[in-house]
Amino acid sequence: MTRFRLRIEYEGSRYHGWQYNAGVKTIQGELLNACQTLFNTKKIELYGAGRTDAGVHALGQVAHLDVETELPVIKIRYGINDRLPSDISVISVENAAPSFHARHDAVARSYIYQVSRRRTALGKKLVWWIKDELDVSLMNETASMFEGLKDFRSFTDLKLETGSTKAEVIHSRVYDHGDILLFHVIGSHFLWKQVRRMTGVLVEAGRGKLPRKDIAGFFRNHSDIPSKLTAPPSGLFLEKVYYKDDRIVYDARPVLNILKSTGNF
């Protein structure tokens, strides 16, 4: 078997998340089908760096692919893309060390959540439209409360978490770009629905309806308030996966041009 590293982007609206699930359309399932056709074998292994939920998008998902082939990487990329639907695209294929693991070797993950301040006809599937006025300064005060190594048990479903509910957030900020607000968060890893619930809490704080003392309490005791505020998957993007020796980029503004191209902003 030869191991390859893939970087993938996808518009997740039509899919039941990344993880393969027989009987429903998933990103991993579409990639496996394309690879099995290209390489004419079912002896393929494909692992992603993160299991994005149903309806969530990616600008830089990473996966490793194990397959017996003598095809050069450029023909692998073209061959897979020729067999994929238009809303999934392999951006790059590289040779990888046999020990490389897309998930276990990742040291940080970056997510972007896109909030629209106005109704959009073309970008509806890629944003969360908020009609209310939002105070960005209050949102950023709240975003700073997420940083550090904290217990995010109020931001996930405890019944579905088998390990620790602690996660380290190293960057959390809201960028104001007029019609678009970008919530950029980078962390060691994220729990199920954690980023969407963080976003929901930010928006409620921006509305002026969630005081700091209540938010601080979410980290001391379990609360079901964040679950009730869960943001829809439409605005969420897995932006980048970081590995050892990668330089972490803390500024989300370069991503804005990519996101602007997806809508009529």
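The values are calculated or read from the model by the stated rules, or taken from the named source; none is laboratory data. From a predicted model like this one, the values you see are computed outputs, not experimental measurements. So basically every Cβ, Gly included, is an ideal-geometry build from the backbone, and we count neighbours across all protein chains shown.
Determine, yes or no, whether Arg173 is under 20 Å from Arg117 (Cα atoms), surrounded by fewer than 19 Cβ atoms within 10 Å (Cβ to Cβ) and not hydroxyl-bearing (Ser, Thr, Tyr).
yes
Just give me the residues in the stretch 55-82 being surrounded by 15 or more Cβ atoms within 10 Å (Cβ to Cβ) and of a type in the set (D, E, K, R), in sequence order.
Answer for the stretch 55-82, where residues must be surrounded by 15 or more Cβ atoms within 10 Å (Cβ to Cβ) and of a type in the set (D, E, K, R): Asp66, Arg77.
Run down Glu11, Glu70 and say which single residue is charged (D, E, K, R) and in contact with a Leu (Cβ under 8 Å, 6 or more places away or on another chain).
Selected residue: Glu11, the only one of Glu11, Glu70 that is charged (D, E, K, R) and in contact with a Leu (Cβ under 8 Å, 6 or more places away or on another chain).
Quick one: in the stretch 108-130, of everything that is touching a residue at least 12 places away in the same chain (Cβ under 8 Å) and more than 26 Å from Arg51 (Cα to Cα), which residue is surrounded by the fewest Cβ atoms within 10 Å (Cβ to Cβ)?
Filtering first and then ranking leaves Ala121.
Among the residues of the stretch 222-265, write down those that are surrounded by 12 or more Cβ atoms within 10 Å (Cβ to Cβ) and modelled with pLDDT under 70.
Listed by number, the residues that qualify are Val255, Leu256, Ile258, Leu259, Lys260, Thr262, Gly263, Phe265.
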